[in-house]
Structure formats: structure tokens, C-alpha cells
Amino acid sequence: NAKLWHNLAHVTCKSERAQDGTLGKAEMKKCKKLYKKAVSLSPDFADAYSGYGILLGETETQTARQMLETAVHLDPQNKLGHKNLADLLARKQIDFPASKIFYENALRIDPTYADAHNNYGNTLLMDRDMKKVEYHYRQALRFDPQHPNALENMGKFFSPKGRGEVKASSGEHQDTKGEKLGKAAKKTSKEV
């Protein structure tokens, strides 16, 4: 029964989004209600916490973090839970060291996880570790040659302006993180 509510919440939230990917207040309230129902029906259903955490990540960062941490705790082998928690921690600039650990966990569980490689590469831009950034972008493309964000990131990485102009693209957190990552990467190009 909880799985049904979780699936309903997932489909509803996806279909209710505006063209820019956001949810209005009424739609957000509806999605929250569905995820709350799924969590209340089965407090040990990790996917419900994960979905709820992703939803809340847009507006309620602390609660989103708690939901995603619960999901990872309930199912330590859930690669999506680890990646989603890492994305939140990196996107909201909450805890970069912890985000790296969760990306590494996701990749330990599934070394072929292209989204995790791409987003981990984006996070590593903050450290200006360009060898690791390139490695993870290449891995993302190795496992998904048509990965749109990894293709864009590699294109920027090898642009004529060089590695210093990379502004990460990860789809879901490109806008909130891109500008700051670009600044960090620019510092690197000056140092080289």
C-alpha cells in the first residue's frame, strides 16, 4: 500500500510540474500529502523517504536532508538515495565533504552510475581537482554515451577557453550551483 502511495506521489509530482520544472503552492501541498501518506503507511520504506526528500529539497532543506538520510539509513544499498543526498548537500552548499562521501557510496554500489559520476565531477570542481573532474565526466560518458549533462560538461571542459570556464551541468542543480562552480574553476585556470 505504501508503494502505491509513493508511486502515485512520484507520478503526480512529475506531471504537475510547470515547464520550468517547479511546482506551484497547491501542487506542492498535494505532493507533500501523498508522500506523507506513503511514509506513514510504511515507516521503513526507504523510497518514500527518498522521494519526499527530493521534493522538499526545493524549499525545506533541513527536512529534505533528514528524509534523505533516513532513506539511506533504511536502505544502505540504495544508490539513488546516496546520490540524491549528495546532490542536496552539494547543491545547497551544505556539506561538500559529506556530499563526496555519498557520491562515493553511490559509485561503490554501482560503479556504472552515470548520473553520480557527472554530479560528483561537478562537486569536485569546488576542489579544483581537474583530473578527478575529467575522470568522472569521462566515466559518466563511458557508461551513458548520450548523457546530456555529461556531454555538455565535457564540451565546456575542453572548450577553447580551457578548463577554467567550466560551469557544471547536472540537470537538477545546474542553476543553483553553476555560477559558484564557474568561479572556482576560473581560479584554477589562472593558477595553471
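Across the accessible surface of the range 6-78, with the other protein chains kept in place and a 1.4 Å probe, carbon and sulfur atoms take up 53 percent.
Could you size up the charge dipole of the range 1-78 around its Cα centre, putting +1 on the beta carbon of Lys and Arg and -1 on that of Asp and Glu, and report it in debye to the nearest 20?
In debye, rounded to 20, the range 1-78 gives about 360.
Distance from the C-alpha centroid of the range 1-67 to that of the range 79-126: 21 Å, rounded to the whole angstrom. Report, in listed order, any pair from LYS83/LYS156; LYS14/LYS156; LYS32/LYS92; LYS36/LYS92; LYS3/LYS156; LYS33/LYS156 with a Cα-Cα distance greater than 32 Å. Pairs exceeding 32 Å: LYS3/LYS156; LYS33/LYS156.
Taking R0 as 22 Å, what's the FRET efficiency between GLU27 and THR63 from their Cβ-Cβ distance, rounded to 0.05? FRET efficiency, GLU27 to THR63: 0.80.
The values are calculated or read from the model by the stated rules, or taken from the named source; none is laboratory data. Owing to the predicted nature of the structure, the values given are computational and were not obtained by experimental measurement. A quick note on method: Cβ atoms are made from the backbone with ideal geometry, for glycine too, and the neighbour counts reach across all protein chains shown. Note: areas computed on protein heavy atoms with side chains; ligands, DNA, RNA excluded. Shrake-Rupley method; radii C 1.70, N 1.55, O 1.52, S 1.80 Å.
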